[in-house]
Amino acid sequence: MVADDDDDIRLALSLLLSSESYKVIEASTPKDVIIKASQQKPDIILLDMNFSRDTTCGQEGLDTLQQLKQSAIPVILMTAWGTIDLAVKALQEGACDFIEKPWNNFKLLNSIKQQLCFSKIKQENQCYHQLFTNDVSDNWVCQSSSMLAIEQLIKQIAPTDANVLILGENGTGKSLLAERIHQLSHRQRSPFIAVNMAAIPESLFESELFGHQKGAFTDARQNRVGRFQLAEKGTLFLDEVGTLPLPLQPKLLRVLETGSYEVLGASQTQTADVRIISATNADLSKLVSSGEFRQDLLYRLNTLVINLPPLRERLDDIEALAISLIQRFSLKYNKHCVSLTKGAIKKLRQHTWPGNIRELSHVIERAILLTTEPKIDADQLLLESTETPTNNVILQPLEMAEKQLIVKAMEVSSGQVLEAAKLLEISRNALYRRLEKFCIQYES
Ligand SMILES: Nc1ncnc2c1ncn2[C@@H]1O[C@H](COP(=O)(O)OP(=O)(O)OP(=O)(O)O)[C@@H](O)[C@H]1O
Ligand SMILES: [Mg+2]
């Protein structure tokens, strides 16, 4: 972008830059600069320091520079009234270079090329940083009492090598939790390998998990490294383990029991040094009762069990999760949204979240795309209808239903009366009265 109030200067710079194959946008006032910068996102801005004919102090340029700061677009300041002081000030305020008019074409083009190159490296660096800091810990939100209890539990169990089974509805964070356990374990420097059991075709199960040698079967044209070997010394995450077909279960059971397996087509037995974390949204004990899941396999997987509660039972996590998601998506879509209005928070707390955190994440992403304000309002939160389907409701005396709800709320909040009262949206005293009335035990 070429930003200058002088038509001749804009023309001269545009001609110079077009001849070097740059695409040029022009802006003639500071306001124009800000609007076009946010709408058209130029890669670099050449910014004049004085837009009004009678000023020479450069303040207009510095003010505009200040407003452009958040956009992270590199800005080269230009002025005919250059002094060393002004140049120093401009660079301190975040300009990437300072060029005096009349400019030297060669120097100007060189500076542009250099700054574009720096900016590209900076962006790449940011991407790598995000990729490699693998911010499970940064992203991990836990504020509700049930999640704090889980947090304490995982700090205890992560350093052990015990197998962990994570249970929870869709989108409650099972996969993220598995990664977090790995990162808190002594295996953190070795790989975390996830395998979705629902996505492996039955015929490829062994090859996927244990690998194969070239020629082991008709389609085996190359050697293949199995997931167990990839996860060696690290953690293997068996996602959706409840979908594993019965005939394949003994193959998994064997490696879990003996710690050894064979690569297809190879005669040597391999030993696996792998910690197993598995997850499912299925009721495994029910599957065991109906004969669809082997009891002995379940015993191998569930040395330790973590139940991730659904989001509707973790009301105190909702706001913090929403804020963390707002930060993530604001960065992604280059928006400057930072928080939620009180009305928006209330709306989020009242929703039942059948899709849990994944649903919340979609709702926030949509809101960020729609909003132009720094705060998201209730209207921008497009929630699916939350009406309770009446066909699941058991018809019973109202008092019984009330008692059941209270027992459930106490369970979910691990006996914490204040939190249970919040879930039920009644006062603490109102809950105490009902606990007494229904003779429900609680710690005072
Ligand atoms: N405690 C948490 N803090 C922050 N973000 C979370 C948390 N738990 C889950 N998320 C986010 O919610 C989304 C869903 O999480 P995840 O994929 O781990 O759920 P899941 O239970 O494995 O879902 P599925 O059953 O569909 O496999 C992800 O974007 C994840 O980053
Ligand atoms: Mg998952």
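The values are calculated or read from the model by the stated rules, or taken from the named source; none is laboratory data. These numbers come from a predicted model, not from an experiment. All Cβ positions, even for glycine, are placed from backbone atoms using ideal geometry, and neighbour counts span all protein chains on display. Each accessible area value is taken on the protein alone, full model and side chains, heavy atoms only, with ligands, DNA and RNA left out. Shrake-Rupley method; radii C 1.70, N 1.55, O 1.52, S 1.80 Å.
Remarks
- Within the stretch 140-182, the set of residues being open to solvent by 50 Å² or more (accessible area, probe 1.4 Å) and within 16 Å of ligand 2 (Cβ to nearest atom) comprises Glu169, Asn170, Ser175, Leu176.
- The set of residues from the stretch 391-417 being in a helix (DSSP H, G or I) and either open to solvent by 90 Å² or more (accessible area, probe 1.4 Å) or in contact (Cβ under 8 Å) with a residue 60 or more places away in the chain (or both) comprises Asn391, Asn392, Leu398, Glu399, Met400, Gln404, Leu405, Lys408, Glu411, Val412.
- Considering (1) within 16 Å of ligand 2 (Cβ to nearest atom); (2) within 18 Å of Leu315 (Cβ to Cβ); (3) open to solvent by 70 Å² or more (accessible area, probe 1.4 Å), the lone condition that Glu359 does not fulfil carries the number (3).
- The selection criterion, being under 22 Å from Ile9 (Cβ atoms), open to solvent by 80 Å² or more (accessible area, probe 1.4 Å) and acidic (Asp, Glu), does not hold for Glu60.
- Failed item in (1) loosely packed, with under 11 Cβ neighbours inside 10 Å; (2) under 18 Å from Arg312 (Cα atoms), with Thr372 passing the rest: (2)
- Contact annotation: residue pairs with Cβ atoms under 9 Å, 6 or more positions apart or on different chains, pairing a residue in the stretch 346-364 that is on the phi > 0 side of the Ramachandran plot with a partner that is buried (at least 18 other Cβ atoms within 10 Å of the Cβ) and among the β-branched types (Val, Ile, Thr), are Trp353/Ile318; Asn356/Thr172.
- Hits in the stretch 269-281 - residues which are open to solvent by 20 Å² or more (accessible area, probe 1.4 Å) and in contact with a strand residue (DSSP E or B) (Cβ under 7 Å, 6 or more places away or on another chain): Thr269, Gln270, Thr271, Ala272, Val274
- Scanning the stretch 65-90 for residues that are in contact with a Phe, Trp or Tyr (Cβ under 6 Å, 6 or more places away or on another chain) and modelled with pLDDT under 90, we see that the one that is least open to solvent (accessible area, probe 1.4 Å) is Ala90.
- For Leu253, the conditions (1) open to solvent by less than 20 Å² (accessible area, probe 1.4 Å); (2) in contact (Cβ under 8 Å) with a residue 60 or more places away in the chain; (3) part of a helix (DSSP H, G or I) all hold with the exception of (2).
- Residues in the stretch 154-172 that are over 19 Å from the mean Cα position of the chain (by Cα) and within 14 Å of ligand 1 (Cβ to nearest atom): Ile154, Val164, Leu165, Ile166, Leu167.
- The stretch 283-328: number of residues that are within 16 Å of ligand 2 (Cβ to nearest atom), open to solvent by 70 Å² or more (accessible area, probe 1.4 Å) and either assigned to a helix (DSSP H, G or I) or without any contact (Cβ under 8 Å) to a residue 24 or more places away in the chain (or both): 0
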